[in-house]
């Protein structure tokens, strides 16, 4: 189903232009497909949202813009960990939420590719909200985050997970979220918070893959 969603996204790509390359298992499949297009002559240039996505695209021969920017992205294609009925998102399961949000903001069109297991009526039902924080005073930041839910420091192999920027991630278990935009603003206001995994109003099209095929959901304007 992930491959079906990634393949359906290809029809949204320009013949020539700049494509945001997301991070995660579904985005990884999409990047493989972009590599095939480039080898076939499509004039596409990528903006990766993580070191992992950059390394993958480079290995496939996809031309890439430097990390410094500025970026003028025609379409950004990325996955999500949870998608609400209103097409708001929780992202950051792969730890790339800051770069993902920067590229998302720079894109003229944002396309999200998921399988049907990622759908929820309200965000927070099945996924905690990833919050990237500065390493300095991170325990104090976590104490402030506890007002919104249970914060858990993300670990990898028993050690704190470190993002590409050198930050740490707390996954905040909020439960179902009544107002994701209000929560995003409140989290952003906590000193020490670098970025949150709440992507509110940032998906233009969501491609959902099911055993019966892929279908598109378009954000109402």
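Since every read-out is calculated from the coordinates, none of them should be taken as a lab result. Quick caveat: nothing in here was measured; it's all calculated off a predicted structure. Ideal geometry is used to build each Cβ from the backbone, glycine not excepted, and the neighbour counts take in all protein chains shown.
By how many nm would the segment from residue 51 to residue 173 grow when fully extended, if each residue of separation counts as 0.36 nm and the alpha-carbon distance is taken off?
Details: separation 122, 0.36 × 122 = 43.92 nm, distance 2.69 nm.
Full extension from residue 51 to residue 173 adds 41.2 nm.
Calculate how steeply helix 51-60 sits against the longest principal axis of the alpha-carbon atoms of the chain, using the helix alpha-carbon long axis, and give the answer as 0 to 90 degrees to the nearest 10.
Helix 51-60 sits roughly 10 degrees off the main axis of the chain.
Between the helical axis of 97-106 and the dominant principal axis of the chain, each derived from Cα atoms, what acute angle in degrees is found, rounded to the nearest 10?
50
Take every DSSP beta bridge with both residues inside the chain and express the antiparallel ones as a percent of the total, to the nearest 5.
55
Under 8 Å for C-alpha pairs, at least 6 residues apart: give me the relative contact order for the chain, rounded to a whole percent.
23
Using label points projected 7 Å from each Cα along Cα→Cβ, tell me how many nm separate residue 121 and residue 108, to one decimal.
Each label point lies 7 Å from its Cα, and together they span 3.9 nm.
Students often get this wrong, so try it: which of (1) 12.1; (2) 10.7; (3) 14.4 is mean projected area of the Cα convex hull in nm² as calculated from the structure shown?
Identified label for the calculated read-out: (1).
Evaluate the distance, in nm, between pseudo-label points positioned 7 Å from the Cα of residue 186 and of residue 72 along their respective Cα→Cβ axes.
Label-label distance for residue 186 and residue 72, simple model: 4.0 nm.
Using the per-residue mean of other Cβ atoms lying within 10 Å as a proxy for protection, in what order, highest first, do the peptides 194-201, 156-163, 27-34 fall?
Averaged packing, sorted descending, gives the order 194-201, 27-34, 156-163.
Report, in deg cm²/dmol and to the nearest 500, the calculated mean residue ellipticity at 222 nm for the chain, where each DSSP H run with n ≥ 4 adds -39500 (n - 2.57) and the sum is divided by the residue count.
Working: 6 runs with 60 residues, N = 221.
Mean residue ellipticity at 222 nm (helix-derived): -8000 deg cm²/dmol.
Using only Cα atoms, tell me the angle between helix 25-39 and the longest principal axis of the chain; keep it within 0 to 90° and round to the nearest 10.
Once rounded, one gets 30 degrees.
Using Cα pairs under 8 angstrom and six or more residues apart, how large is the relative contact order of the stretch 129-196, in percent?
Values: 101 pairs, mean separation 32.3, N = 68.
Computed value for the stretch 129-196: 47 percent relative contact order.
Given labels modelled 7 Å from the Cα in the Cβ direction, how far is it in nm from residue 157 to residue 39?
For residue 157 paired with residue 39, the spin-label model returns 3.0 nm.
Using Cα centres only, tell me the gap between the stretch 1-73 and the stretch 154-219 in whole Å.
21
Could you give the length gained on full extension between residue 60 and residue 164, defined as 0.36 nm per residue of separation minus the Cα-Cα distance, in nm?
35.3 nm
What FRET efficiency comes out for residue 218 versus residue 143 if R0 is 35 angstrom and r is the Cβ-Cβ distance? Round to the nearest 0.05.
Details: r = 41 Å, r/R0 = 1.16.
For residue 218 and residue 143, the calculated efficiency is 0.30.
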